[in-house]
Amino acid sequence: MNAIAQFWMVATQRHAELWQLFVQHMQMTSSAVLLSLVVGVPLGIIITRHKKLASVVIGLANITQSIPSLGLLAILVPIVGIGQPAAVIMVIIYALLPIIKNTYVGVRSINPSIMKAAEGIGMSSGQILRNVQLPLAVPYIMSGVRISAVTAVGTVTIGAFAGAGGLGWMINLGLNANDVNLVLLGAIPACLLALALDFVLGMVEQALTPEGILPASVGSTPASKRRAHRIMRHVAAAVAVTISLIVPCASSIVSAIGNDPDDTVTVGAENFTEAIILGNIYSQLIQHKTNLKVNEKFNLDGTLVTMAAFDAGTIDTFTDYTGVITANVLKKKLSTDTAKVYRQVRDGMAESHQATVSKPLGSTNDYVLAMTKDTSRRMGVTKLSQLIAQSGSLRLGCTTAFSQRSDLLPKMEKQGADFASVSGLEGNVRYQALTSGKIDVTDAYSTDAMVKKLNLQLIEDDIHFFPPYQAISITRNAVLRKHPELKTVISSLDGVLDNDSMMNMNYQVDVEGKTAKEVAIKFLQEKNLI
């Protein structure tokens, strides 16, 4: 099957999900652009009257542009929570500079003689602004708006890492699965949306620009035709703006108002396949076993963002791993004693975060080192003690976390490991480097789909080096008190999972292209849980 046919097949299979994500993307983009207009244009006008204020405002707007988008998102999540609000505010912050700056430049660039003429015929400052300055500054202002709108479409994709949804969700699924079709399925509609918005705003610009500063070719058209064309442009621009900006923004507000938090439970999940599958499993369990509605906030950017949302009450339950919670949330030293680490997490989360930790789900997402079968046979390495002994002739390619965390590579080096080279590699890139022979060993997780797909040799931890990473569910005590029926539902998954079934589910999503939701439903049905 050629690439185009394969892409079309994936698009056909996921068209309903894609449309939903596209609508979410439009809602966030339109909200951000309209709010940026409401704030940016008046602010740009104000600073034209205060030169010192202009340098301060434009300087601050320039500074905000230099903040990495993920960093800004991480700052906003503890303040406004996860979901669309954080994404929209982030986009507004980035969209303000072009609008403010172009409004300022447009108004300030008007010929002073025109201003004097307006004053000479008795116009007030308000009349001059409304009838002279703004009409003449329209090309500048709309240029800034168009830049902001196109930029907003791209920036909104980052909002997916705060559970905002949109086309960034599809792109992230593709990155997790190393599936270019899913990446394109998110990227192509985003590009088309950016082009469509730019076209619509171009129509608005032409409709609002005074005839006197339109291109010279317009002047040769008879006056009656010019008036008719102008009316048509106004109508077309109004319809286009309503469809592309106002309607999505209004529908977003209505849907937000319509949510009743009293009978809704919010399930969170981090931005990797296994977490999203587990999030879907709990979401389906709650929907099938209770009368509660479920609000899914998936694709959160790591444990720290997830915990910020959890502590703020914007998510009610999520799954994580004992080793991750111990080190990153409770800030305690990791032990290799599985039972001890679980007790630390259970007691620590109850004391510090007023949360209930489930019993272990049964699967573990432990750190492991992996090699190709050929390299393992050639080097005679199947156990971690053997790997450390022969590390001088092995090239390690690992994630940043593995190389930096004191309980991983630094600890391994203290125990005698001295790799020939260490390269920082993230995501599926490290698997590509491993299979292409660029590196000899990499860090992995025991339930990774790529381990199964590539038939890798997992190195046995015969020296009990790695800490335990048991999968657990964490739920706010306040939610369990409010909805006591959740206790039975959540506990129904205790001990049900195992590493093989978890790896198979990851494989179905990352390799076979199934959705996390359908895989979760199939698993629950096989276990007679729904």
Residue among 487, 522, 482, 517 that is within 14 Å of residue 282 (Cα to Cα), more than 29 Å from the chain's Cα centre (by Cα) and of a type in the set (Lys, Arg)
487
Yes or no: residue 341 touching a residue at least 24 places away in the same chain (Cβ under 8 Å), under 18 Å from residue 366 (Cβ atoms) and in contact with a Ser or Thr (Cβ under 9 Å, 6 or more places away or on another chain)?
yes
So, residue 181, is that one closer than 27 Å to residue 302 by Cβ and at pLDDT below 85 or not?
no
Residue tally, condition in contact with a helix residue (DSSP H, G or I) (Cβ under 6 Å, 6 or more places away or on another chain) and without any contact (Cβ under 8 Å) to a residue 60 or more places away in the chain, over region 174-184
2
Restricting attention to region 465-485, which residues are out of contact with any Leu (no Cβ under 6 Å at 6 or more places or on another chain), aliphatic (A, V, I, L, M) and surrounded by 21 or more Cβ atoms within 10 Å (Cβ to Cβ)?
472, 474
Only helices (runs of 4 or more DSSP H) wholly contained in region 117-209 count here; list those with 3 or more residues that are buried (at least 17 other Cβ atoms within 10 Å of the Cβ) and over 22 Å from the mean Cα position of the chain (by Cα).
134-156, 180-208
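Looking at residue 407, is it part of a strand (DSSP E or B) and not hydroxyl-bearing (Ser, Thr, Tyr)?
Working: part of a strand (DSSP E or B): no; not hydroxyl-bearing (Ser, Thr, Tyr): yes.
It is false that residue 407 is part of a strand (DSSP E or B) and not hydroxyl-bearing (Ser, Thr, Tyr).
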Just wondering, is there one or more residues in region 198-217 that are at pLDDT 85 or above, farther than 23 Å from residue 74 by Cα and assigned by the TED database to the domain that holds residue 82?
yes
Selection over region 278-314 where residues are over 21 Å from residue 496 (Cβ atoms), in contact (Cβ under 8 Å) with a residue 40 or more places away in the chain and among the β-branched types (Val, Ile, Thr) yields a count of 2
Flag if residue 433 is surrounded by 14 or more Cβ atoms within 10 Å (Cβ to Cβ) and closer than 21 Å to residue 500 by Cβ
no
Could you pull out the residue among 423, 491, 446, 501 that is touching a residue at least 24 places away in the same chain (Cβ under 8 Å), surrounded by fewer than 17 Cβ atoms within 10 Å (Cβ to Cβ) and closer than 25 Å to residue 385 by Cα?
423
Filter the helices (runs of 4 or more DSSP H) completely within region 269-364 down to those with at least 1 residues that are among the small types (Gly, Ala, Ser) and buried (at least 19 other Cβ atoms within 10 Å of the Cβ).
273-289, 302-312
Unique match (being within 19 Å of residue 267 (Cα to Cα), of a type in the set (Gly, Ala, Ser) and modelled with pLDDT under 95) among 355, 389, 308
308
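For (1) on the phi > 0 side of the Ramachandran plot; (2) assigned to a helix (DSSP H, G or I); (3) among the β-branched types (Val, Ile, Thr), each residue gets a yes or a no:
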residue: 376; (1), (2), (3): no, yes, no
residue: 388; (1), (2), (3): no, yes, yes
residue: 401; (1), (2), (3): no, yes, no
residue: 413; (1), (2), (3): no, yes, no
residue: 416; (1), (2), (3): yes, no, no
residue: 423; (1), (2), (3): no, no, no
residue: 442; (1), (2), (3): no, no, yes
residue: 455; (1), (2), (3): yes, no, no
residue: 464; (1), (2), (3): yes, no, no
Would it be correct to say that residue 471 is modelled with pLDDT of 95 or more, outside any helix (DSSP H, G or I) and either out of contact with any Gly (no Cβ under 7 Å at 6 or more places or on another chain) or not aromatic (Phe, Trp, Tyr) (or both)?
yes
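The values are calculated or read from the model by the stated rules, or taken from the named source; none is laboratory data. Here the structure is a predicted model, which means the values were calculated and not measured. Quick reminder, even Gly has a Cβ in these numbers, built from the backbone with ideal geometry, and neighbours come from all protein chains shown.
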